[in-house]
Amino acid sequence: MNIAETYTGHVEPGGDAARRTLDGLTITKLSVGPMDNNTYLLVCRAENEALLIDAANDPDRISDLVGHGPDRPALRTVVTTHQHHDHWQALGAVAGANGANTAAHPLDAGPLPIPPDFLVEHGDTLRFGEVTLEVIHLRGHTPGSIALLYRDPAGPPHLFTGDSLFPGGVGKTGSPEDFTSLIDDVSERIFGVLPDETWVYPGHGDDTALSAERPKLAEWRERGW
């Protein structure tokens, strides 16, 4: 698999992966499946241990992303951000091939093809190597949708939002009550506590930053989607 070392936040469906290198962590983004799902491989540079966010589809391509040689990272955990089927089509295959644990929020665990090894709640942490991610529960797109936050000691935070936050709005919801729940959680648990320079990695499509989206929050709430 070709991996571009110049990271822009854009990857093409079926195309090359793109890698961002931080002091303690690499983040590699790949688009998989017919719905342009993003999967993210995070690797601790100190320990060469990895965590995968959303084994959405194309298990062979995800396997190529992890690598096949003796220097490939040890994939410790596969996290599913929410229960929708397009985010876990390769979960069993990827976890099984790598002997990895799986994790999800309890409210979204039921529809997954394999029971999670770990259930995570708001405020919990996930660790691989020397890297720690914080779990943020964002209620509305699904009952158990989660985001994962990496607080880079050497730079801005990095936030993986699943389908709860995209460029231009929050994720799709099924009722006005669900929309209010999601916009409230995104406003309070993300925009209310994280700085503008926070980089956002969504479940589909291009990345964004909180600075680009913050001015639109009132508009999103007013339009109701």
statement: Over segment 2-40, the set of residues in contact with a Pro (Cβ under 8 Å, 6 or more places away or on another chain) and within 21 Å of V120 (Cβ to Cβ) is N38
task: May I ask you to list pairs of residues, at least six apart or on different chains, whose Cβ atoms are under 6 Å apart, with the first in segment 173-191 being within 25 Å of P157 (Cα to Cα) and modelled with pLDDT of 95 or more and the second being of a type in the set (D, E) and surrounded by fewer than 15 Cβ atoms within 10 Å (Cβ to Cβ)?
output: none
- prompt: Do we have N101 as in contact with an Asp or Glu (Cβ under 6 Å, 6 or more places away or on another chain) and either under 24 Å from V200 (Cβ atoms) or of a type in the set (D, E) (or both) here?
  reply: no
field: Some residue of segment 153-160 being open to solvent by 10 Å² or more (accessible area, probe 1.4 Å), assigned to a loop (DSSP other than H, G, I, E, B) and among the aliphatic types (A, V, I, L, M)
entry: yes
- prompt: If you take the residues in segment 125-152 that are among the charged types (D, E, K, R) and within 30 Å of G224 (Cα to Cα), which one is most open to solvent (accessible area, probe 1.4 Å)?
  reply: R139
- line: When every residue in segment 216-225 that is in contact (Cβ under 8 Å) with a residue 12 or more places away in the chain and in a helix (DSSP H, G or I) is compared, the one most open to solvent (accessible area, probe 1.4 Å) is R221
message: Against the definition (part of a helix (DSSP H, G or I) and within 21 Å of Y40 (Cβ to Cβ)), how does E213 come out, yes or no?
response: yes
query: Residues in segment 126-137: is at least one touching a residue at least 60 places away in the same chain (Cβ under 8 Å) and either assigned to a loop (DSSP other than H, G, I, E, B) or of a type in the set (S, T, Y) (or both)?
result: yes
Check on L22, out of contact with any Ser or Thr (no Cβ under 8 Å at 6 or more places or on another chain) and at negative phi: yes
task: Could you check A93 against (1) open to solvent by less than 60 Å² (accessible area, probe 1.4 Å); (2) assigned to a loop (DSSP other than H, G, I, E, B) and say which number it fails?
output: (2)
- request: Select from segment 78-88 the residues that are open to solvent by 10 Å² or more (accessible area, probe 1.4 Å), closer than 15 Å to L30 by Cα and not acidic (D, E) and list them in ascending order.
  value: W88
query: If only one of D196, D206 is without any contact (Cβ under 8 Å) to a residue 60 or more places away in the chain and either more than 23 Å from K29 (Cβ to Cβ) or open to solvent by 20 Å² or more (accessible area, probe 1.4 Å) (or both), which one is it?
result: D196
Segment 54-79: number of residues that are in a loop (DSSP other than H, G, I, E, B), in contact with a Ser or Thr (Cβ under 7 Å, 6 or more places away or on another chain) and not acidic (D, E): 2
query: Can you name the number of the only condition in (1) of a type in the set (G, A, S); (2) touching a residue at least 60 places away in the same chain (Cβ under 8 Å); (3) open to solvent by 50 Å² or more (accessible area, probe 1.4 Å) that G99 fails?
result: (2)
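The values are calculated or read from the model by the stated rules, or taken from the named source; none is laboratory data. Remember, predicted model here, so these are calculated numbers, not experimental data. FYI the Cβ positions are ideal-geometry reconstructions off the backbone, even for glycines, and counts take in every protein chain you see. Side chains included, ligands, DNA and RNA excluded: accessible areas come from the protein's heavy atoms. Shrake-Rupley method; radii C 1.70, N 1.55, O 1.52, S 1.80 Å.
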